[in-house]
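Below is one structure, written out as structure tokens, with a few remarks after it.
The values are calculated or read from the model by the stated rules, or taken from the named source; none is laboratory data. Given the structure is predicted, the values throughout are model-derived calculations rather than measurements. All Cβ positions, glycine included, derive from the backbone under ideal geometry; neighbour counts span all protein chains shown.
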Amino acid sequence: MNPYQAPLAEMKFLLDKVFDAPQTWASLPKIAENVDLDTAVAIMDEAAKICRELIHPINRNGDEQGVVYQDAKVITPDGFQDVYRQYAEGGWVGFCGDPDLGGMGMPKMLGVLVDEMAYSACNAFTLYGSLTAGAALCIHAHASEALKNTYLPMMYSGQWSGAMDMTEPQAGSDLRNIRTKAIPNNDGSYRISGSKIFITGGDHDLTENVIHLVLAKLPDSNAISLFLVPKIKVGDNGNLGELNGVSVGSIEHKMGLNASSTCVMNYDGAEGYLIGEPDRGLVCMFTMMNYERLAIGIQGLGTSQAAYQMAADYAKERVQGTAAGSSPSGVNSDPILVHGDVRRMLLNVRVLTDAGRALSVLTGQQLDIAKYGEGDAQAKARRYVGLLTPVAKAFLSDRGLDAAVTAQQVFGGHGYIRETGIEQLVRDTRIAQIYEGTNGIQAIDFLGRKVTGDNVAALTEFVDECVEKLMSLTQVNENHRASVVTLLGDLVSIAEHINSNKTTSPALVNASAVDFLDAFGYVLYGYFWLLMSDIASGEADVEFAEQKRYFSDFYITKMLPKARYHLSLVDAGDSVVMNIPEALF
């Protein structure tokens with residue numbers, strides 16, 4: 001198996017030329033003081049080296065050895081401790097964290113690219129740092145200054161890690177039914193008691209403490225509050241004390257991500273501290289949830305890139321059959337890359353991956369402006385973050401699984417055995433469509449809240465900007481531009497129809513949401529491909545520009561029609577779904 005190679009040329013092109021990171025950062029003083037384009041390029045080069053030389057080599061063994069629960073301890077696979085130590089010492093856990101508390105203060109626009117590299121190298125390893133970064137973000141946004149000063153420096157440094165504790169056996173996505181309780185103590189702390197399941201990174205041996213963000217209910221309240229609960233108590237001086245009544249009930253035995261510790265966690269009167277206001281826990285937790293939704297979308301994107309590299313390398317090396325139209329000699333064979341169907345599969349993966357990267361960078365850019373910007377620019381970025389986040393999570397992770405399965409198909413029978421490594425990617429990325437809110441829930445949030453919740457205002461604003469940009473391009477096929485512009489308008493028209501009828505047809509949003517999100521994703525990718533092709537046409541690298549033109553033409557011709565298909569399903573309404581009697585299921 002060839003070592004992972006980060007697509008640095010693609011990443012630098014997006015950052016510099018397509019989304020003009022230097023201009024974005026210059027408009028945000030808190031970012032501008034920490035990074036410029038030269039620094040960003042150097043950081044990406046170093047991240048690529050770490051992912052190739054440190055993280056990717058532990059991926060295979062991590063899958064085969066897995067985590068072990070033994071003597072009340074969760075033990076990670078060989079090599080994980082050493083690699084995590086080096087990763088943390090490099091500042092990568094606190095990459096986007098507050099520099100005043102020990103983070104590196106890097107923009108999310110750059111962070112998404114570093115995340116993609118790490119997920120490509122090893123899904124399971126990367127989750128540990130990702131959960132810690134998300135927990136730190138929530139603490140930074142909502143906790144008291146005392147909690148921030150005590151916990152964030154140790155989390156940014158990677159000495160302590162973080163976990164998000166929401167789900168319970170009887171309460172999956174519907175968190176109203178959680179039973180974990182929080183009883184106030186006289187000193188302002190709380191006693192947390194209950195059980196949680198499916199807790200990624202709930203316990204492990206990579207860090208000396210695990211900081212849990214636990215959803216629980218106060219006495220006589222049906223609302224949900226959020227609490228910081230350390231595995232090991234922390235003294236006033238920051239030193240670790242005694243165990244805190246936090247224990248592992250078991251580890252989950254999963255389809256994939258075997259090196260990621262997914263735990264059943266028990267809290268027996270554990271000492272916890274309120275984050276934010278009482279009964280407002282979900283508001284606080286969604287700060288972390290939205291971060292993790294983007295991160296999990298990038299898990300799908302990283303898988304897509306890794307799968308493409310593996311399949312493309314194999315297609316160039318694997319000799320079988322002869323090219324169409326040639327005369328088989330009975331002796332000579334060609335690499336399978338000459339075959340039309342193999343090319344179709346590789347191109348499908350490639351064009352979705354490159355456009356998916358554009359979606360991740362755009363979302364990161366809007367997150368930066370939403371966090372550090374001011375006035376109208378900040379307000380608009382917040383609207384766009386709301387619009388793009390569920391799409392980034394669902395569309396990137398759906399297409400990530402598609403990419404892994406398609407790449408596996410390129411390998412033929414060799415894709416179904418463990419030696420090639422592609423089957424691990426299929427297993428590891430399958431969960432991305434499920435956790436942090438299933439992709440169906442993401443789609444309902446997108447269509448029901450983000451699109452129709454404001455009477456289609458944010459979508460219309462976003463589409464208008466896309467159309468304006470498309471009309472300014474000078475080096476694109478006119479028919480291709482017209483196709484994307486028409487579909488953008490159709491998205492708004494159909495969204496307005498749903499908005500007008502959602503009261504009289506209450507199941508309309510729920511029954512149509514996934515197809516609407518998919519349609520939006522495919523149209524948005526068409527926009528990205530025209531944008532990338534046009535900008536690349538001005539590059540000195542003629543081969544790079546030609547590549548972008550070829551891939552853009554393929555996407556618009558072969559993939560964009562999927563948007564029309566999904567819009568036709570939305571247009572069909574919900575009656576054929578909802579009128580079937582339950583007894584027939």
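If I go through region 537-556 residue by residue, how many of them are assigned to a helix (DSSP H, G or I) and either without any contact (Cβ under 8 Å) to a residue 60 or more places away in the chain or over 30 Å from the mean Cα position of the chain (by Cα) (or both)?
Going through region 537-556, the residues assigned to a helix (DSSP H, G or I) turn out to be 542-556.
Retained after the next criterion (residues that are either without any contact (Cβ under 8 Å) to a residue 60 or more places away in the chain or over 30 Å from the mean Cα position of the chain (by Cα) (or both)): 542-543, 545-550.
Looking only at that region, the number is 8.
Which of the residues belonging to region 158-180 are among the acidic types (D, E) and out of contact with any strand residue (DSSP E or B) (no Cβ under 9 Å at 6 or more places or on another chain)? Break it down stepwise before answering.
The first filter runs over region 158-180 and keeps only residues among the acidic types (D, E), leaving 165, 168, 174.
Residue satisfying the conditions is D174 alone.
Every residue, every condition in (1) in contact with a Ser or Thr (Cβ under 8 Å, 6 or more places away or on another chain); (2) of a type in the set (D, E); (3) part of a helix (DSSP H, G or I); (4) farther than 16 Å from G97 by Cα, yes or no:
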position: M117; (1), (2), (3), (4): no, no, yes, yes
position: G158; (1), (2), (3), (4): yes, no, no, no
position: G162; (1), (2), (3), (4): yes, no, no, no
position: R191; (1), (2), (3), (4): no, no, no, yes
position: S195; (1), (2), (3), (4): yes, no, no, yes
position: H212; (1), (2), (3), (4): no, no, no, yes
position: L215; (1), (2), (3), (4): yes, no, no, yes
position: L228; (1), (2), (3), (4): no, no, no, yes
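For region 85-136, which residues satisfy the criterion of being surrounded by fewer than 24 Cβ atoms within 10 Å (Cβ to Cβ) and among the basic types (K, R)? Listed by number, the list holds a single entry, R85.
Hey, any hits in region 339-355 for a residue that's outside any helix (DSSP H, G or I), more than 14 Å from the chain's Cα centre (by Cα) and surrounded by fewer than 24 Cβ atoms within 10 Å (Cβ to Cβ)?
Filtering region 339-355 down to residues outside any helix (DSSP H, G or I) leaves 339.
Then keep just the ones that are more than 14 Å from the chain's Cα centre (by Cα); that gives 339.
Add one more test, that the residue is surrounded by fewer than 24 Cβ atoms within 10 Å (Cβ to Cβ), and what stays is 339.
Yes.
May I ask you to verify whether A42 is modelled with pLDDT under 95, farther than 18 Å from T132 by Cβ and surrounded by fewer than 19 Cβ atoms within 10 Å (Cβ to Cβ)? Against the criterion (modelled with pLDDT under 95, farther than 18 Å from T132 by Cβ and surrounded by fewer than 19 Cβ atoms within 10 Å (Cβ to Cβ)), A42 does not qualify.
Yes or no, residue by residue, for (1) surrounded by 20 or more Cβ atoms within 10 Å (Cβ to Cβ); (2) under 27 Å from the mean Cα position of the chain (by Cα); (3) of a type in the set (K, R):
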| position | (1), (2), (3) |
| --- | --- |
| V210 | yes, yes, no |
| L218 | no, no, no |
| D236 | no, no, no |
| M255 | no, yes, no |
| S260 | yes, yes, no |
| L274 | yes, no, no |
| V283 | no, yes, no |
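Restricting to region 456-511, count the residues that are in a helix (DSSP H, G or I), farther than 21 Å from S537 by Cβ and among the hydroxyl-bearing types (S, T, Y). Before you say what the answer is, go through the steps one by one.
Taking region 456-511 and keeping what is in a helix (DSSP H, G or I), we get 457-472, 478-501, 508-511.
If we keep only those that are farther than 21 Å from S537 by Cβ too, we end up with 457-465, 486-501, 508-511.
Now narrow it down to the ones that are among the hydroxyl-bearing types (S, T, Y): 460, 486, 493, 500.
The number of residues fulfilling the criteria is 4.
Applying the criterion of being assigned to a helix (DSSP H, G or I) and of a type in the set (D, E, K, R) to the residues of region 424-455, the residue that is surrounded by the most Cβ atoms within 10 Å (Cβ to Cβ) is D428.
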